[in-house]
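Below you'll find the structure, written out as structure tokens, and then a few comments.
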Amino acid sequence: MKSNELFERAKGLMPGGVSSPVRAIQPYPFYVAGAEGAYLKTVDGERLIDCCLGYGPLILGHAPDAVRAAIEAQLADGWLYGTPCPGEVALAERIAADHPSIDMVRFVSSGSEATMAAIRLARAATGRQDIVKIEGGFHGAHDAVLVKAGSGATTMGVPDSAGVVADLVAHTRQVAYNDLEGLDALLSSSEDIAALIIEPVMGNVGPVLPEPGYLQEVRALTLDYDVLLIFDEVITGYRLGIGGAQVRYGVTPDLTTLGKIIGGGLPIGAFGGRRDLMAMVAPQGPVYQAGTFSGNPLTMAAGNAALGWLHENPGIYARLDAGTRRIEEACAGAGGSFVRLGSMFKYFFRPAAPTNYAEAKESDTAAFRQFWEKMLKKGIFVPPSQFETNFLSAAHTDEIIEHIADAYSTCLSE
Ligand SMILES: *Cc1c(COP(=O)(O)O)cnc(C)c1O
């Protein structure tokens, strides 16, 4: 069955015809029948180079041997026990060893769950109710973080979704990324702020990069005001290197949320941090958190295999960094701005690289849409939004990267 026929069936069965909003490409999304390495194979018989990569988890590419073997081995032993399993101990050890800020960790099944629980923990630990998030920062699809961005640095939260209790998001305050003065003003304005939750590198607007010294100063300010710092590294964890953005920039948060890569491509989330904070999580402490699929042996096997591979092949980070540099070169002179960090990259239809959400929103989304279609015709799938980060994976060979660079150059000059 073809993609358009499948979407016709899906539309009456699932809202928007999809299982997650960004997938609802118009007039219809392509349906994928298989994936291997850097490629997706559609039900319509096309083969596409994938620069979306599941929106971040697939740093080894699709169905890599190392992870596949671990999943297959686990399958023979069952995939859900409802009891502790050895794999969760190994993955927790790995994550704690890789992150100086993490003494203890709790596994969950999605990044959304991780941020929800980390915020609850921060409120419990401080006895305060408000949180600060960064405008345009994405932390999943739960109520406290679904707050409209762009309405002024220190305005009270306005729900970004129908059905969210206004009284709840009134406790979510916002400030622009890279705005230290705004953050200082906000933190000094209230005694009731429990935590700042921030993507150290904004992955869901671009990427948008921290200005030199910004993250260090964010840490200093949160310490000054005795506010907990939560790094949401669901995208950046193991993407920007072993230990994520916090190791790369040398900044130690109080709590960290992880997801995506740490599950080797299977559903996962995790939150972790200082022992005194994590000791407050049930059953050790009073902050309730639980999940049927948390720490399941199949995800743990995939996660251990993926992180193990990254440890054995640390050169991958430099190779992928060179890859995005090559694509950047191909975009030179096209009039927009190319932003990259390691294997994260994006071409913004805006002359200068955005430094925050409001600036990113000035991009020419109609031009992006045309570009996106041209790229697809050239056999390259980049995320269907100006505001989603593109990725490279270990399966993207130099030859494939050259192909992507050529396509950028051609599609941008047309
Ligand atoms: C993807 C993402 C989430 C949500 O993770 P899910 O697994 O989709 O729930 C949270 N925070 C950041 C920074 C993300 O990129």
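The values are calculated or read from the model by the stated rules, or taken from the named source; none is laboratory data. This is a predicted model, so every value here is computed, not measured. Here the Cβ is made from the backbone with ideal geometry for all residues, glycine too, and neighbour counts use every protein chain on show. Please note that ligands, DNA and RNA were not included when accessible areas were found on the heavy atoms of the full protein model with its side chains. Shrake-Rupley method; radii C 1.70, N 1.55, O 1.52, S 1.80 Å.
Results for (1) among the β-branched types (Val, Ile, Thr); (2) more than 24 Å from GLY241 (Cβ to Cβ); (3) touching a helix residue (DSSP H, G or I) at 6+ places or on another chain (Cβ under 8 Å), shown as yes or no for each residue.
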position	(1), (2), (3)
PRO297	no, yes, yes
TYR317	no, no, no
GLU328	no, no, no
PHE345	no, no, yes
ARG350	no, yes, yes
PHE371	no, yes, yes
ALA394	no, no, yes
ILE404	yes, no, yes
CYS411	no, yes, yes
**Report entry** Selection count, segment 62-81, where residues are under 20 Å from GLY259 (Cα atoms) and crowded, with 21+ Cβ neighbours inside 10 Å
**Finding:** 4
Report summary line: All conditions in (1) assigned to a loop (DSSP other than H, G, I, E, B); (2) away from the ligand (no atom under 16 Å from the Cβ); (3) touching a residue at least 60 places away in the same chain (Cβ under 8 Å) are true of GLN284 except (3)
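Please go through segment 105-135 and give me each residue that is aliphatic (A, V, I, L, M), closer than 17 Å to ILE193 by Cβ and more than 15 Å from the ligand (Cβ to nearest atom), ordered by number. First the steps, then the outcome.
Step one: of segment 105-135, the residues aliphatic (A, V, I, L, M) are 105, 108, 114, 116-119, 121-122, 124-125, 131-132, 134.
Going one step further and asking which of them are closer than 17 Å to ILE193 by Cβ, we end up with 118-119, 121-122, 124-125, 131-132, 134.
Passing the criteria: LEU121, ALA122, ALA124, ALA125, VAL132.
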**Report entry** First in segment 356-371 and in contact (Cβ under 8 Å) with a residue 60 or more places away in the chain and open to solvent by less than 30 Å² (accessible area, probe 1.4 Å), second anywhere and in a helix (DSSP H, G or I) and not charged (D, E, K, R), Cβ under 7 Å, 6 or more apart
**Finding:** none
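Name the one entry in THR236, THR257, THR222, THR252 that is more than 22 Å from VAL339 (Cα to Cα) and buried (at least 24 other Cβ atoms within 10 Å of the Cβ). Break it down into steps so the answer makes sense when it comes.
Numbers: THR236 fails: more than 22 Å from VAL339 (Cα to Cα); THR222 fails: buried (at least 24 other Cβ atoms within 10 Å of the Cβ); THR252 fails: buried (at least 24 other Cβ atoms within 10 Å of the Cβ).
The match here is THR257.
Filter segment 1-19 for residues that are hydrophobic (A, V, I, L, M, F, W, C), free of Cβ contacts under 8 Å to residues at least 12 places away in the same chain and either farther than 29 Å from VAL205 by Cα or not in a helix (DSSP H, G or I) (or both) and give the result. Step through it out loud before you land on a result.
First, the residues of segment 1-19 that are hydrophobic (A, V, I, L, M, F, W, C): 1, 6-7, 10, 13-14, 18.
This time we only want the ones that are free of Cβ contacts under 8 Å to residues at least 12 places away in the same chain, so: 10, 13-14, 18.
LEU13, MET14, VAL18, listed by residue number.
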Query raised in the report: Consider VAL22 against the criteria (1) within 16 Å of the ligand (Cβ to nearest atom); (2) in a loop (DSSP other than H, G, I, E, B): it satisfies all of them except one. Which criterion is unmet?
Result: (2)
Requested in this report: Residue by residue through segment 130-170, note down the ones that are farther than 23 Å from LEU255 by Cβ, out of contact with any strand residue (DSSP E or B) (no Cβ under 6 Å at 6 or more places or on another chain) and at pLDDT below 75.
Outcome: LYS148, GLY150, SER151, GLY152, THR154, THR155, MET156, VAL158, PRO159
**Report entry** Matching residues in segment 126-136 - criterion: being buried (at least 23 other Cβ atoms within 10 Å of the Cβ) and in a loop (DSSP other than H, G, I, E, B)
**Finding:** GLU135, GLY136
Requested in this report: Could you list, in sequence order, all residues of segment 313-339 that are of a type in the set (Asp, Glu) and surrounded by fewer than 16 Cβ atoms within 10 Å (Cβ to Cβ)?
Outcome: GLU329
Query raised in the report: Of all residues in segment 45-95, which are in a helix (DSSP H, G or I), free of Cβ contacts under 8 Å to residues at least 24 places away in the same chain and closer than 30 Å to ALA405 by Cβ?
Result: ASP65, ARG68
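Answer yes or no as to whether GLU402 is surrounded by fewer than 16 Cβ atoms within 10 Å (Cβ to Cβ) and touching a residue at least 60 places away in the same chain (Cβ under 8 Å). So that I can check it myself, show each step before the final result.
Numbers: surrounded by fewer than 16 Cβ atoms within 10 Å (Cβ to Cβ): yes; touching a residue at least 60 places away in the same chain (Cβ under 8 Å): yes.
Considered against the rule, which asks whether it is surrounded by fewer than 16 Cβ atoms within 10 Å (Cβ to Cβ) and touching a residue at least 60 places away in the same chain (Cβ under 8 Å), GLU402 comes out as yes.
Scan segment 96-125 for residues that are over 21 Å from ALA166 (Cβ atoms), surrounded by fewer than 19 Cβ atoms within 10 Å (Cβ to Cβ) and touching a residue at least 24 places away in the same chain (Cβ under 8 Å) and jot them down.
In the first step, residues of segment 96-125 are kept if they are over 21 Å from ALA166 (Cβ atoms); the result is 96-111, 113-114, 117-118, 121-122, 124-125.
Okay, now just the ones that are also surrounded by fewer than 19 Cβ atoms within 10 Å (Cβ to Cβ), so 96-97, 100, 103-104, 124.
The answer is ALA96, PRO100, ASP103, MET104, ALA124.
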Report summary line: Scanning segment 190-214 residue by residue, the ones that are surrounded by fewer than 23 Cβ atoms within 10 Å (Cβ to Cβ) and more than 17 Å from the chain's Cα centre (by Cα) total 7
Report task. Exactly one condition in (1) under 28 Å from TYR249 (Cα atoms); (2) under 21 Å from the mean Cα position of the chain (by Cα); (3) not charged (D, E, K, R) is not met by PHE381; state its number. Result -> (1)
